[in-house]
Structures are given as C-alpha cells and as structure tokens.
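For reference, the structure is listed below as structure tokens.
The values are calculated or read from the model by the stated rules, or taken from the named source; none is laboratory data. These figures come from a predicted structure and were not determined experimentally. All Cβ positions, glycine included, derive from the backbone under ideal geometry; neighbour counts span all protein chains shown. In case anyone asks, the SASA skips ligands and DNA or RNA and just uses the protein heavy atoms, side chains included. Shrake-Rupley method; radii C 1.70, N 1.55, O 1.52, S 1.80 Å.
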Amino acid sequence: MFAGDAAKSILYHRTNSTDPTIMMPPLAKNEIDVQGVALLETWINQLQPQAPAPNLGDYRIVNRGSGKTLQVPSAAFGNGPNVAQGGYAGQDHQHFALEDAGSGYYQFKAIHSNRYLDIELASSAPGANVWQYRGNGSDAQLWEVLDAGDGTFHIVSKLSGHFLGAEPDDN
C-alpha cells in the first residue's frame, strides 16, 4: 500500500482487477466491487505518507513515558549484557548510532561497545529481553523507526512487530 496515492498501491490495483494474474485471490470473483474499490481508494488517498526516520547518527534514546535513557548498564562490552533504562550521565554507554540496514529498517549500535541492540535469542514473545550483541544482521537486530507525529519516534522490532519498551524494573 502506498499511503496517500491509491494509483501506486498494489492493494488498490488488485481489488480493481478481474485479471487472474493481478486480482485478489479468486473467491467467487468475476466482477469488480465498484463501491468497495471506491471506498478503498478514498481510504488510501486520505492516509498520510510515513514521515522519514531521523537522520543517521548518534543519539540518546529517551523513553517518553519515564524520561529515562536507554543504556547498557555498567558500560559492559561483551555479548549479552541487558539493555535497560536509567538516569542520564552523558556517557558513551547511553548513546547509540542509528545505522541504515536497508529496506526501511535500522540498527542501533552502542557507541561504547560497537555492539547492536538485539532481541535475546530471537524471541518474538511480548516483553522479550533486549541485550547488546555483535552485529549479525539478523531480524533480531533490525528495527523500524516510526514517526509518532509529535516529535518522537516509535522503535519497532522487525522480528516481532513489538515496540521497544521497558519493564517496571527498568529492564
């Protein structure tokens, strides 16, 4: 789907076709639902295109709800230390480089260790732990950065579709 322009949206074209190579799956479909296509076209055209992610570079990532900073506690260097939120002291273990991973995904590299935010053991469960780990390009290290529309961004895991957040213990 192409927000704001139905003419560029595959969804619109598939619902607006009876060509077997283009149309939606053939579930007793031999004619176009003109009202349905018009409704879909109106809906797509009123959507706002996704705002671009922030510029690549080094960032302090702050939890909007708590005001706390994402960090690697104790400035640990190896694979596996948890990532948590805590008070800000301006240290390198509290900053991450936003790197373009292609196809609309990004990686976050801890400045102090050159390790990446990674979902522990590639878990797709809600509340899965996030730690730092050597770069491997797996889906556990890929994130979408989505504009929340208020000057902040959501960080969403490619692996699970879950938002990056914190548990009550700041982990």
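Points to keep in mind about this one:
- At 1.306 mPa s and 10 °C, Stokes diffusion of segment 81-171 via Kirkwood alpha-carbon radius, µm² per second: 118
- Heavy-atom surface analysis with a 1.4 Å probe gives the chain a carbon and sulfur content of 52 percent of its accessible area.
- Rounded to the nearest 0.05, the FRET efficiency derived from the C-beta distance between residue 39 and residue 114 at R0 = 45 Å is 0.35.
- Kirkwood's formula applied to the C-alpha pairs of segment 16-87 gives a hydrodynamic radius of 17.8 angstrom.
- Seen against the Cα atoms of the chain and their longest principal axis, helix 34-46 is set at about 30 degrees.
- Square roots of 5 times each gyration tensor eigenvalue, C-alpha, segment 73-115, largest first, Å: 21, 12, 9
- The chain, relative contact order in percent, only Cα pairs under 8 angstrom and at least six apart counted: 16
- 124, 138, 9, ranked by accessible area, largest first (probe 1.4 Å): 124, 138, 9
- Contact order, relative form, for segment 110-171: 26 percent (alpha carbon pairs under 8 Å, 6 or more residues apart, mean separation divided by residue count).
- Over the chain, the alpha carbon radius of gyration divided by the compact-protein estimate 2.2 N^0.38 Å works out to 1.32.
- With DNA, RNA and ligands ignored, accessible area of residue 130 (1.4 Å probe; Å², nearest 10): 20
- Solvent-accessible heavy-atom area per residue, rounded to whole Å², over the chain at 1.4 Å: 58
- Mean Cα-pair separation over length for segment 52-119, i.e. relative contact order, pairs under 8 Å, 6 or more apart, %: 30
- When the Gaussian network model of the chain links Cα atoms closer than 10 Å, the mean-square fluctuations of 12, 59, 106 top out at 12.
- Exposure rank, largest accessible area first [43, 143, 131; 1.4 Å]: 43, 131, 143
- If R0 is 22 Å, the Cβ-Cβ spacing of residue 75 and residue 152 corresponds to a FRET efficiency of close to 0.25.
- FRET efficiency, residue 7 to residue 31 (Cβ-Cβ, R0 22 Å, nearest 0.05): 0.55
- Candidates 114, 82, 136, ranked by Gaussian network fluctuation over the chain, Cα under 10 Å, top entry: 136
- Net charge contributed by nearby residues that have their C-beta within less than 12 Å of residue 85 (K/R +1, D/E -1): 0
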